[in-house]
Amino acid sequence: MNKNILSGIICISLLFTCCSKQTDIKFAFSDGDISKHSFSTASVNPDLPSDWSDYKYMILTFQASSSQRFEVGLRNPDGYLFKRIHPFAGALVRFVVPLDFYREQPTRGNDMAATWNQPRTMGWINVEHGGFGKVGIIDSIMFRMIKPLNNPTLEIKSVKLSMTDPGDSLLSPKVLVDEFGQWIPDTWEGKVNNFEELKAIWDLEDKNLTPGDFNYGKFGGYLNTQVKATCFFRVEKINNRWWFVDPEGHLFLSTSANGIGSGSTGTTMRGRDSIFKMIPPPPPQNPAMSQQQGAQPQNRMMENRPRSLNFLGWNLQRRYGESWREKSTEMTIRRINAWGFTTGSQSLQKPYITYFRAFGGGAEIMGIPDVYSKAFTDNVEQRAKEQLGAQKDNPWIIGYFIGNEPPWPNRESLAVTKLLEGPDTDTRKALVEFLKEGDTPERRIEFCKQTFQKNLDIMTGAIRKYDPNHIILGIRFGGTPPDYIIKMAGIFDIYSLNTYAYRPDPDYLDKVSSLSGRPVLIGEYHFGTPGRGMASGLCQVKDQYNRGVAYRYYTENAFSHPSVIGAHWFQWTDQANTGRNDGENYNIGIIDVTDRPYKELTDAITLTHKNLFRVHAGEMPPSDILPEGRVKVDFKY
């Protein structure tokens, strides 16, 4: 028999061997630190084999009552391996989990989110935690949830295995997202029912929004302070505490939200047109938008539909009409002035931080560019000359980030393996030459260290050559990079890190400040709560009120540290409930999809920003009120 035909018969046989029987299992996750339910594979599906080695996909059919993430654990002879599933709440779905997510660490992606987040059509998977190992002999499956809220339920209709990916599918209900971008299967206080109701809420905000009094000067520095002015932002240590100094010589603390004005609101259609009640039109060039102008019912799709849908953008068109871009920017300016943010963008009439990026000279492997190539150096030089030369005299620019959450630190050996397996770049050639003297874990780390130093020297050298006036805020590191990286980051003016916890660990802040010798800027943190079709984000709290409590607790405790001079919330708007490009669908916005602020959060933001000068100066203790349900300080999410 033809070998290919035989192989096909085997694959078909494997696909159907495990699909003939199923057992419905429904359970609740009880409140507490962790709730778990384990089942033998035979009780889940009697046809599941004991050896999963020949299979590539696990097919789950389930319905979750909540958008809270749950973990699916597979027990091999060494113990359980877990992966996190972020479900669509209230929807019965077929959800496909590639078993390779259990077997090996992913290496594609140039930052941590792109590496660990794996999108699916009906939800998404985070593969960072839970271990990696053999998926061969599997005797039980566990479903568990960390810190569940309100006893969410999970109903498992079937568990099957396959050699091929049949794709995710929505089984019911058939439509999940309404014309305003809201989640249809969920209900909550304040859910919009019609345009007239939403317009009345918008009009009330417009009427009542007024500037706050934070004692800020032109550039956001505190008017009650005065040190040497240099016409540009800089950093200075005063009485053993670090500060920004604004162009007028006033002490300054940087507060902001990532993506002010837009955020990550887009979502891909990804073959799921039918789950949207209506498809937002593409942003018009010269729109004359009325309430429903341009709307396309889901059974009358546009031929040239956009690949990315933006319900917030559509709601802004409804709110402001033809000049929606300009008018929504004006509203954003009013909001940040009312709530006391000091850092935004030039279009928002605020000081801002921008990115300097340069690519070229070959493939980038796990966030490591081809820094040994002449093309890379030439590209950095050219981009710095063009971009930075035009910006060097702009007093509104605070400085430059040059990267975000590189995924190779603490995975140096794997990065070296992938470089060796990759294309024949100059960096690969340098690596091969380096390893001729020995290939050990220590030498692999040393090569990564030398390569990173070369990257830093090229990038910072170009910035300081063409723009000596502005601060280099460096790389926004995620996780806990090794000490040698923290020390090397002393080449920057500021050490930047993204840290998700209920408050930053002061001992860790001491460490990074001491090793780098620099002040610290926190580039990302947030708190969310599951609901409205969205997941809670990396730090979960009970409800919207406690998002405000958590904001004040984290932010004031961060700025109470002598080294912390900036903290930026992630992010300005909620993510789309059907997920951004990597699947994330977090309730982490200050603004929701219908362009309404979360008042519980903005009230806390305003109060916090009024306190920050005194807190950072050591004149006032930070908040000691933890969000409800937290009885101790916890430095991990």
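Tabulated data
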read-out	value
Only one of Leu431, Leu420 that is more than 30 Å from Phe244 (Cβ to Cβ), over 26 Å from the mean Cα position of the chain (by Cα) and surrounded by fewer than 17 Cβ atoms within 10 Å (Cβ to Cβ)	Leu420
Gly583 vs. criteria modelled with pLDDT under 95 and over 24 Å from Glu236 (Cα atoms)	yes
Output for segment 527-550, where each listed residue is part of a loop (DSSP other than H, G, I, E, B) and more than 12 Å from Asn587 (Cβ to Cβ)	Lys542
Residue among Ala338, Ala358, Ala363 that is part of a loop (DSSP other than H, G, I, E, B) and either under 30 Å from Ile565 (Cα atoms) or at pLDDT 95 or above (or both)	Ala358
Scan of segment 491-511 for residues that are of a type in the set (A, V, I, L, M, F, W, C) and over 19 Å from Ser254 (Cα atoms), ordered by number	Ile491, Ala501
Residue match in segment 533-540 (condition: at positive phi and touching a residue at least 60 places away in the same chain (Cβ under 8 Å))	yes
Qualifying residue in segment 83-91 (condition: part of a strand (DSSP E or B), in contact with a strand residue (DSSP E or B) (Cβ under 8 Å, 6 or more places away or on another chain) and surrounded by fewer than 19 Cβ atoms within 10 Å (Cβ to Cβ))	no
Condition met for Asp393 (surrounded by fewer than 17 Cβ atoms within 10 Å (Cβ to Cβ) and in a loop (DSSP other than H, G, I, E, B))	yes
Residues that are farther than 11 Å from Thr573 by Cβ and free of Cβ contacts under 8 Å to residues at least 60 places away in the same chain, drawn from segment 586-605	Lys599, Glu600, Leu601, Asp603, Ala604
Residue within segment 134-155 that is among the charged types (D, E, K, R), within 21 Å of Lys36 (Cα to Cα) and at pLDDT below 95 present	yes
Selected residue (criterion: nearest to the chain's Cα centre (by Cα)) from residues of segment 110-131 that are surrounded by fewer than 21 Cβ atoms within 10 Å (Cβ to Cβ) and in a loop (DSSP other than H, G, I, E, B)	Asp111
Residue match in segment 248-267 (condition: surrounded by fewer than 20 Cβ atoms within 10 Å (Cβ to Cβ) and not in a loop (DSSP other than H, G, I, E, B))	no
Residue in segment 312-321 that is among the hydroxyl-bearing types (Ser, Thr, Tyr) and outside the structural domain of Ile471 (by TED's automatic domain parsing) present	yes
Residue, surrounded by the most Cβ atoms within 10 Å (Cβ to Cβ), within segment 367-385, restricted to residues that are part of a helix (DSSP H, G or I) and among the small types (Gly, Ala, Ser)	Ala384
So Thr555, is it in contact with a strand residue (DSSP E or B) (Cβ under 9 Å, 6 or more places away or on another chain) and at pLDDT 95 or above	yes
Positions within segment 403-429 being among the charged types (D, E, K, R), assigned to a helix (DSSP H, G or I) and in contact with a helix residue (DSSP H, G or I) (Cβ under 6 Å, 6 or more places away or on another chain), in sequence order	Glu412, Arg428
Yes/no for Asn239 being closer than 30 Å to Ala567 by Cβ and assigned by TED's automatic domain parsing to the domain that holds Asp592	yes
Segment 139-167 residues that are under 22 Å from Ser67 (Cβ atoms), paired with ones that are charged (D, E, K, R) and modelled with pLDDT of 95 or more (beta carbon under 6 Å, 6 or more apart)	Met142/Lys36; Arg144/Lys36; Arg144/Glu71; Glu155/Lys26
Residue in segment 298-310 that is crowded, with 20+ Cβ neighbours inside 10 Å, under 21 Å from Gly123 (Cβ atoms) and at pLDDT 85 or above present	yes
Total residues in segment 590-637, condition in contact with a Pro (Cβ under 9 Å, 6 or more places away or on another chain) and at pLDDT 95 or above	6
Within segment 444-526, strands (runs of 3 or more DSSP E) holding 1 or more residues that are over 24 Å from the mean Cα position of the chain (by Cα), among the hydrophobic types (A, V, I, L, M, F, W, C) and surrounded by fewer than 23 Cβ atoms within 10 Å (Cβ to Cβ)	471-478
Unique match (being part of a loop (DSSP other than H, G, I, E, B) and under 28 Å from Gly271 (Cβ atoms)) among Lys134, Lys191, Lys157	Lys191
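Yes/no per residue for (1) over 25 Å from Tyr352 (Cβ atoms); (2) in contact with a Cys (Cβ under 7 Å, 6 or more places away or on another chain); (3) in contact (Cβ under 8 Å) with a residue 12 or more places away in the chain; (4) surrounded by fewer than 24 Cβ atoms within 10 Å (Cβ to Cβ):
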{"residue": "Tyr554", "(1), (2), (3), (4)": "no, no, yes, no"}
{"residue": "Leu607", "(1), (2), (3), (4)": "no, no, yes, yes"}
{"residue": "Val615", "(1), (2), (3), (4)": "no, no, yes, yes"}
{"residue": "Gly618", "(1), (2), (3), (4)": "yes, no, yes, yes"}
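The values are calculated or read from the model by the stated rules, or taken from the named source; none is laboratory data. Just so you know, these numbers come straight off a predicted model, no measurement behind them. Positions of Cβ are backbone-derived with ideal geometry, glycine not excepted, and every protein chain shown enters the neighbour counts.
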